[in-house]
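Report on the following structure.
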Amino acid sequence: MTSTLYLHDNWRFSAANEIDWHNATVPGCIHTDLQANGLIPDPFYGTHEGSIQWIDKQDWLYETAFDVPQEVLNESQIEIVFEGLDTYAEVFLNDTLILSADNMFRTWRAEVKRFLKSRSNRLHIRFRSPIQEDLPKLERLGYGLPATNDQSERGGLGDKKLSVFSRKAPYHYGWDWGPRLVTSGIWRPVKLEAWSQARITDVYIHQSSVTLEHAVLEANIDIDSEVDGLALLQLHVEGRVIERQVTLRRGMQTYTIPVDIPDPRLWWPRGYGEANLYTFRARVLIAETVIASRTLRTGLRDIQLVQTNDDMGTSFYFQVNGVPVFAKGANHIPNDSFITEVDEERYRHEIVTAAESNMNMLRVWGGGVYEDDCFYNLCDEYGIMVWQDFMFACSMYPGDEAFLRNVEQEAKDNVRRLRNHPCIVLWCGNNEIDTAWAQYDEQGGWGWKQQYTSTQRAEIWSAYEAIFHRLLPDVVARLAPGAAYWPSSPMQALTGDINQHAKNDSTRGDIHYWGVWHAVEPFSNYNVYLGRFMSEYGFQSFPELRTVRSYASEADMELESDVMKWHQRSGDGNRLIKEYMDIYLPKPKDFPAFLTMSQVLQAEAIQTAIEAHRRKKPYCMGSLYWQINDCWPVASWSSMDYFGRWKALQYYAKRSFRDIAISFEEDDEHIAVQIISDGRENLAATLHVQLFQFDGQRIREHTTQVHVEANRVMTAFSLNKNDWTTGCSLPEIVLVATLENQGHTLDQKCHYFTPVKELRLDKATITVRPVNPDNGMTFLVETNVFAKSVMLTASVEGVFSDNYFDLVPGLTKTVTFLRREPGDTALQPAQPGLITASSMCDWTAIAQ
Ligand code: BMA
């Protein structure tokens, strides 16, 4: 049996040109080690990032000493395995060079038996500066490649964009929400693997056909053997054992065992059924002794990316087990600039947040990393589908043979590692490169190709095609046959002509719509520019005051301070937030109120988008906003900040993504109350539509029985605005629609007759009382006059079941507090400590 010895202890590090050694943490990285030793300040505080740009210009040494137990040494094969080395590294064992690494996304292995001794082995790694390493590559190429988000100037490199030459997380070099912190280090586990006779190196469960009645699978079992001879191969699943006599040969071999599972418990995305999982175990026995074993978990499901012509264009949706699924979710970036800081609890919090927010998909965006196994395990468990980009974003890449081979190996390593996860529904080549280069549209794109000679252009595009149109799809087809591959997001289709590139009004493919925000278009344009699958759109906000305090002092608390600008990486970001706020919301009374209102502004924008997309189902079948998380405390498009604190948007998204949701569609004369169902069953429900004055007086109401059809959008009621509001003061009324099923509220939504900015908000007194004083986890929230965006804050870290909601006098709201303190493994009901409540009137001049 393979025995594993992790080598995570006794590490120390030093700058290559110094003699001082300091304690190191493995897995980890140079920045966190320097900080832990007090050699650099907190990189996220203030403008510190600027003063630590020297770190990536020099080489770093890491070393440890370790003993090897006799039983490990007795094995005939011993390999050292690095699951991740960031990035250019030479590894020496007892002074012998055992491997050279040049790609942080690959797994590196070397046979080491002959170099090992039982005591005091010295493992020594030299990390070469990624900057010094890649400068000559730029020189050799003779021209720079576009890399819009590479903050080379901040790194003291002028316009020399080096990120494209290294196979290293693109966001390390900076992004429009992230700092430039170019790390080095042993970023994933390092271990010895020892075995004799044979070992199972991989098991892949290929799902040939999965239906409600039957799953037809093949288990492909890779075996590495050092012996020739008879063996028994077993596959265990659900108490069954399938056995095969095999004749092992020295070297690598693959055996395929067909498996038929009747009445399979299928894996479903959240909202559609249980995310059922199966555990498979493969074993090799020689003379009735188990000599190798490997366990894996997968879910059985049929996934299709359906792209068929229809009278509106060409569809783009995921069909899971025969059911068309509207994808609801967000884009994911790495949870930290120092990815080794992300522990299981932080991953869990993100995935629980997604599931709690009624999402069913996250897109692992191509400027980050192929995520940790833990991320995908959680997505498998919570029924969160994953759109998986390969790690290429907003840049053009070299196409030399060495680079291509390196990328190929990286793709193989990661497709192999991840292909058993039922959550992965799509492999996507890159983020926004097709649209940015726009090969077939001379005027189109981001102005990149126009900077090059025709020879250079041809060379750059041919590298693009080699990677994204040949190499990556080939690897996916070979290693994960049947899995969908999409060359670039966004794109219309691989047509090889001008129709390839996405447009804001494409009727096929996916769309990143950034007219709202980057092009300062009105929120209402979310209703206009939507297509078959909205894989990106977004709006920025600030994190809450507690989070801002983690990087700014009281003196920095103004929009234009150096520190607030430093923690804003989108050129005009702060100005845009302010401009949009002037348009849509009343004036905040001070800086803390401005931070809060920026969150409400963002949430109102994205709510408009999500609901517009969902109302257009089945024309549109996906809505992934940009972005769920942050990698440091910053102003950004995230719905949850670096510390996992939910912004207003997270709560709004939770409401807008409800499986059965109310949404209003308005024209000059009418308001239609629409009901969107992602449910798999029809439902009898009651819709109450009520019109209230802000003082709580009900002016009109209408009740109707609704037959909510499964997986559809319907107009349940339409009212004439004039008829309903004659004699009313429009800035002082609110329309409330409530959908109920057997006494249970499925959704409740408010709608206004003027923009929020014009609402006449009065000072509201909000009371919060525990429903059951003994357990103190659930509360009733009430108000005396209408309150917009009621914000509850607790003195304990956590989130509420709902927050930033509008509250009408007489309509009480019940909320539960979910705690997230250190040590908690997931959000769970708990006492919140002291709760305070405020609402928009408190954050504006009205309060004065
Ligand atoms: C999208 C992303 C990112 C970027 C975001 C905000 O296009 O793909 O590159 O961070 O926009 O500008």
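The values are calculated or read from the model by the stated rules, or taken from the named source; none is laboratory data. Only a predicted model underlies this, so the values are computations on that prediction, with no experimental measurement involved. Please note: Cβ atoms are built from the backbone with ideal geometry, for glycine as well, and neighbour counts cover all protein chains shown. What goes into the accessible areas is simple: the full protein's heavy atoms, side chains included, and nothing from ligands, DNA or RNA. Shrake-Rupley method; radii C 1.70, N 1.55, O 1.52, S 1.80 Å.
What whole-number value in cubic angstrom gives the convex hull volume per residue for the C-alpha atoms of region 3-191?
Spread over its residues, the Cα hull of region 3-191 gives 121 Å³ apiece.
Taking N as the residue count of region 359-427, its C-alpha radius of gyration divided by 2.2 N^0.38 Å amounts to 1.20. Backbone geometry of region 691-696 corresponds, through the Karplus equation with coefficients 6.51, -1.76 and 1.60 at θ = phi - 60°, to 3J(HN,Hα) couplings of 10, 10, 7, 5, 7, x Hz, x marking Gly and Pro.
Descending by average beta-carbon neighbour count within 10 Å, the peptides 436-444, 262-270 line up as 262-270, 436-444, the highest first.
Taken along its principal axes, the alpha carbon cloud of region 365-515 reaches lengths of 48, 38, 25 Å, longest axis first.
Against the chain, whose longest principal axis is taken from its Cα atoms, helix 344-356 shows a tilt of about 40°. May I ask for the net charge around Phe753, where only other residues with Cβ less than 10 Å from the Cβ of Phe753 are counted and Lys, Arg are +1 while Asp, Glu are -1? With Lys, Arg at +1 and Asp, Glu at -1, the neighbours total -2.
When only alpha carbons are used to place a centre, region 116-139 and region 822-842 end up 47 Å from one another. For Glu401, the accessible surface of its heavy atoms amounts to roughly 110 Å² (probe 1.4 Å, protein chains only, rounded to the nearest 10).
Based on alpha-carbon atoms, the Kirkwood radius and the radius of gyration of region 761-848 give Rg/Rh equal to 1.01.
Taken over the alpha carbons of region 548-678 as equal point scatterers, the Debye sum produces base-10 log I(q)/I(0) values at 0.12, 0.15, 0.18 Å⁻¹ of -0.55, -0.80, -1.04. Taking the chain, the Cys residues with no second Cys beta-carbon under 4.7 angstrom are Cys29, Cys374, Cys394, Cys428, Cys620, Cys631, Cys728, Cys750, Cys841. How far, in degrees from 0 to 90, does helix 591-615 lean away from the longest principal axis of the Cα atoms of the chain, to the nearest 10? Once rounded, the angle reads 90 degrees. Using a probe of 1.4 Å, the accessible surface attributed to Arg819 totals some 80 Å² when neighbouring protein chains are kept in position.
Between Arg281 and Ser209, the contour length at 0.36 nm per residue exceeds the Cα-Cα span by 23.9 nm.
Summing +1 for each Lys or Arg and -1 for each Asp or Glu among the other residues whose beta-carbon sits under 13 angstrom from that of Gly776 gives +1.
In the chain, a dipole from Cβ-located charges (positive for Lys and Arg, negative for Asp and Glu) runs towards its positive end, and of Ala147, Pro179, Phe115 it is Phe115 whose Cα lies farthest in that direction. Just to confirm my numbers, what's the Cα centroid distance between region 644-695 and region 478-495 in Å? First find each Cα centre; the distance between them is then 34 Å. Helix 573-584 against the longest principal axis of the chain: what's the angle in degrees, Cα atoms only, rounded to the nearest 10? Result, in degrees: 20. Only helices enter the 222 nm calculation for the chain: every DSSP H run of n ≥ 4 contributes -39,500 (n - 2.57), and dividing by all residues gives -5500 deg cm²/dmol, rounded to 500.
Entry for region 270-401 at q = 0.12 Å⁻¹: log10 I(q)/I(0) = -0.65, Debye formula applied to identical alpha-carbon scatterers, no solvent contribution.
Can you give the net charge of the other residues whose Cβ lies under 12 Å from the Cβ of Ala466, counting K and R as +1 and D and E as -1? Every neighbour counted, the sum reads -4. Hey, how many Å between the Cα centroid of region 734-753 and the Cα centroid of region 308-352? Region 734-753 and region 308-352 have Cα centres separated by 28 Å. Computed from point charges on the beta carbon alone (+1 for Lys and Arg, -1 for Asp and Glu), the dipole magnitude for the chain about its Cα centre is near 600 Debye.
At the residue level, Leu230 shows approximately 120 square angstrom of accessible surface with a 1.4 angstrom probe and all protein chains present. 3J(HN,Hα) along region 436-450, derived from phi through the Karplus expression 6.51 cos²θ - 1.76 cosθ + 1.60 where θ = phi - 60°, amounts to 6, 7, 6, 3, 9, 10, 3, 8, x, x, 9, x, 7, 5, 5 Hz, with x in place of Gly and Pro. Identify the GluC sites (Glu not before Pro) of region 652-721 meeting these criteria: DSSP loop state and at most 11 other C-beta atoms within 10 Å of the C-beta. Passing both the DSSP loop test and the Cβ count: Glu669, Glu681.
Rg over Rh for region 585-627 works out to 1.18, both radii taken from alpha-carbon positions and Rh defined as the Kirkwood radius. Using bins of 20 Å that start at zero, the share of Cα-Cα pairs per bin across the chain amounts to 14, 45, 33, 7, 0, in whole %. Distance between the 7 Å Cα→Cβ label points at Ala402 and Thr25: 3.5 nm. Backbone phi angles across region 792-799, fed through the Karplus curve with coefficients 6.51, -1.76 and 1.60 (θ = phi - 60°), yield HN-Hα couplings of 9, 10, 10, 7, 9, 5, x, 10 Hz in residue order; Gly and Pro are listed as x. The calculated FRET efficiency for the pair Ser3 and Glu243, based on their C-beta separation and a Förster distance of 25 Å, comes to about 0.50. Here the alpha carbons of region 1-103 define both size measures, Rg and Dmax, at 16.3, 54 Å. Modelled this way, with points 7 Å down the Cα-to-C-beta line, the labels at Gln831 and Glu218 are 6.1 nm from one another. Shape summary: region 154-251 maps onto an equivalent ellipsoid whose semi-axes, from the alpha-carbon gyration tensor, are 45, 22, 12 Å in decreasing order.
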